[in-house]
1. Give me the three principal axis extents of region 265-308 from the C-alpha atoms, as integers in angstrom, largest value leading.
2. Let's test the formula: R0 of 41 Å, r as the Cβ-Cβ distance of ALA190 and ARG48. What FRET efficiency results, to the nearest 0.05?
3. Could you compute how fast region 264-361 diffuses translationally, taking Rh as the Kirkwood radius over C-alpha pairs and applying Stokes-Einstein at 25 °C with viscosity 0.890 mPa s? Give it in µm² per second.
4. Among LYS101/LYS214; LYS101/LYS307; LYS214/LYS269; LYS63/LYS331; LYS63/LYS101; LYS294/LYS324, which pairs are too far apart, with a Cα-Cα distance over 32 Å?
5. Near PHE305, within a Cβ-to-Cβ distance under 13 Å, what is the net charge of the other residues, with Lys and Arg +1 and Asp and Glu -1?
6. Could you please state, rounded to a whole Å, how far the C-alpha centre of region 237-253 is from the C-alpha centre of region 285-362?
7. Straight-line reach only, C-alpha to C-alpha below 12 angstrom: list the aspartates and glutamates that LYS50 could link to, leaving out same-chain residues fewer than 8 apart.
Amino acid sequence: MTITALKCVVVIKGVRIHLSISTSPYTGDVGCHNHHLLGPNVPAGVSRPKAHGVVFRDASGAKHRAYLNNGTSNEIIVSAGALGSPQILMLSGVGPADQLKAHNITVVLDQPLVGQGMSDNPMNAIFVPSPIPVEVSLIQVVGITHFGSYIEAASGANFAGGASPRDYGMLSPKIGQLSTVPPKERTPEALARAVELLENLDDAAFRGGFILEKIMGPASTGHLELRTRNPNDNPAVTFNYFQDPTDLQRCVQGIGTIERIIESNSFSKFKFDNLTLPILLNMTAGSPINLLPKHVNTSTSLEQFCKDTVMTIWHYHGGCQIGKVVDDDHKVLGVDALRVIDGSTFNFSPGTNPQATVMMLGR
């Protein structure tokens, strides 16, 4: 049995579930607004918990129950992703006790490592308007450096596939770059300002492409917190981009590599002669690729440029890491018949798309 959606509840045999957990025998009293799993340190004298089944709602909102058959080979696999799997554990009463109590969730296990180690590989780019038409190309890896930065590119008219011709598509703050902004600053007003900036850009700003770099790892980590105890509400996530100086140095080296590409003879026909590197850097920093505060002249400091123009490509990982929340076989520590198999178990991610890694993990 595999859980890939958030509208579900994992039932632990020996507890009742409805925004609370007890040690009384399982009664079938199951609610649909919480997810209940258990972690590693089961107190002495308490029987080892076992995942028993799930309760979920389908697309029409109807509630369903599914239970494991008897037998040691039967288990539940949680595969809700780096944001969903730690959320399910927390809603189940497994996580930092103070946070769970703040949401009136009964603490089954004070497991402070659930939701910790959240990471997102920071991505930065330089936008290069082109005087000639260029081939439409979605994100492609074009180089892997020795210092931990992957060089990638996207180009062509409306290169990122946005619905509007006046859009940066996947590089637009309208469809995901909000995650680079601290949660409390992700307001409708901030998004409206970004949309207005997009609408006021010159048409030339949408012809050309981005050359970008994305660092491996990363070394910087953050955390995930519940906003409510409703599984349909997204949690709040802080990734702490560039908190570790190693990540910032890799970005600086990656942007420096992109600068050398732009200044090469081979690239000369794809850029305007009057657009110098400082102009390109400031043009990129001034565009609404994210909602972060801008500095007047980021071209004088690549460190500041990296901080001001950081973007996500949604390769989130962490929160249920191996050796901390699950074991080497991806079994939740301290719980029988339960595994987590997705990117939430990663301690590290390459500088390119981790999709193949996740698929191989599933197989």
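1. Principal extents (Cα only, largest first): 33, 19, 16 Å.
2. 0.30
3. 143
4. LYS101/LYS214; LYS101/LYS307; LYS294/LYS324
5. Summing Lys and Arg as +1 and Asp and Glu as -1 gives -2.
6. Measuring centre to centre over Cα atoms gives 12 Å.
7. Excluding near neighbours in sequence, the set is GLU75, ASP336.
Since every read-out is calculated from the coordinates, none of them should be taken as a lab result. Quick caveat: nothing in here was measured; it's all calculated off a predicted structure. Neighbour counts run over all protein chains shown; Cβ positions are idealised from the backbone, glycine included.
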